[in-house]
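Student: Mind having a look at this structure? Questions to follow.
Bear in mind that the values in this text are calculations on the coordinates, not laboratory data. It should be emphasised that the depicted structure is a prediction, and the values quoted were computed from it without experimental measurement. As a convention, Cβ positions derive from the backbone with ideal geometry for all residues, glycine included, and neighbour counts pool all protein chains shown.
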Amino acid sequence: MAKTQIGARVDAEIAELARKRAADRGMSVGDYLAQLVLEDASGLRARAMGAAERFLGEHQALFDEAEESKRAGKGRQAA
């Protein structure tokens, strides 16, 4: 597929985050942005976020319990 150059103005923090996230995935910034757009357009991103929300809804108590146990353990060690 032929590529077209586009320009966009974003805050410096967003630009740096895009560069870091692309590098983490071993992608160019352009390929990373293209992937985000494709995921958004296909609904994949929304479905993934929905699945994550459902997962947390079902298992949040377990995560809360683990965090509380971790905090309680740190308190005992300091005493």
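Student: Tally the residues that are of a type in the set (G, A, S) and surrounded by 11 or more Cβ atoms within 10 Å (Cβ to Cβ), restricting the search to segment 25-60.
Tutor: Step one: filter segment 25-60 for residues of a type in the set (G, A, S), giving 26, 28, 30, 34, 41-43, 46, 48, 50-52, 57.
Okay, now just the ones that are also surrounded by 11 or more Cβ atoms within 10 Å (Cβ to Cβ), so 28, 30, 34, 46, 48, 50.
Summing the residues that are of a type in the set (G, A, S) and surrounded by 11 or more Cβ atoms within 10 Å (Cβ to Cβ) in segment 25-60 gives 6.
Student: Please specify each residue of segment 20-35 satisfying the condition of being part of a helix (DSSP H, G or I) and closer than 23 Å to A46 by Cα. Lay out the reasoning, then the answer.
Tutor: Within segment 20-35, the first condition is being part of a helix (DSSP H, G or I), and the residues that meet it are 20-24, 29-35.
Within segment 20-35, K20, R21, A22, D24, V29, G30, D31, Y32, L33, A34, Q35 qualify.
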